[in-house]
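Peer 1: Once you've had a glance at the structure underneath, I'll fire off some questions.
The values are calculated or read from the model by the stated rules, or taken from the named source; none is laboratory data. All values derive from a computational prediction rather than experimental measurement. Here the Cβ is made from the backbone with ideal geometry for all residues, glycine too, and neighbour counts use every protein chain on show.
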Amino acid sequence: MKKVFLFLAICVGLSSCGVAGVATAVPATTQSPAQETAVAWIAAHRDPDVPPLPFADNPDPNQCGIPTPWGQDSQAWLNGIYEGELVQPTVLLYDSHSRLSITTQAAHGTPVSVILYQQNPVLDYYLVKIEGAPKPNEGWVPGPFLSFNPVTELQELPNSE
């Protein structure tokens, strides 16, 4: 029974944590065989339309935190700008922290409600809901693509033309 529970716990962990398509944060030689297996499984099951992130993702899916309720009643905004550049004019929301598939998308600056938060070693994720949008209207967004301050609309950005 303990082996079944351990197997299920590992499967849940694999399905809820993210890794990048590029292993730049931790070289493959420093990963344990279990980590390499988890990374390979995610890479093999990721939809081809999921783009790589412009920043480091969590290299070890077994080290991801447990999602917790956000518990704050504050609005947030999707933010497609990273390091001063617009990298996602349409911000993608994912099925999980593993980013196996895109669940929905919304324009940079779209207001959202935060439902869950997951603190991770390298990259935190938020489960957000696009209020008033038809379903599917929820998904996980990497921390750099979420702002708790109103964001500038694209028409006002200096290099948006």
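Peer 1: Among (1) part of a loop (DSSP other than H, G, I, E, B); (2) in contact with an Asp or Glu (Cβ under 6 Å, 6 or more places away or on another chain); (3) not basic (Lys, Arg), which single condition is Val50 missing?
Peer 2: Exception for Val50: condition (2).
Peer 1: Taking the stretch 79-103 as the region of interest, how many residues are of a type outside the set (S, T, N, Q) and part of a strand (DSSP E or B)? So that I can check it myself, show each step before the final result.
Peer 2: We begin by selecting, within the stretch 79-103, every residue of a type outside the set (S, T, N, Q); these are 80-87, 89, 91-95, 97, 99-100, 102.
With part of a strand (DSSP E or B) added as a condition, the list becomes 81-82, 85-86, 91-94, 102.
Qualifying residue count for the region: 9.
Peer 1: On the given criteria, is Pro144 outside the structural domain of Ser32 (by TED's automatic domain parsing), touching a residue at least 60 places away in the same chain (Cβ under 8 Å) and exposed (fewer than 15 other Cβ atoms within 10 Å of the Cβ)?
Peer 2: In short, no.
Peer 1: Which one of Ala76, Ala44, Ala106 is among the small types (Gly, Ala, Ser) and part of a helix (DSSP H, G or I)?
Peer 2: Checking each option against the conditions leaves just Ala44.
Peer 1: Identify all residues within the stretch 91-129 that are surrounded by fewer than 21 Cβ atoms within 10 Å (Cβ to Cβ) and charged (D, E, K, R); write none if there are none.
Peer 2: Asp95, Asp124, Lys129
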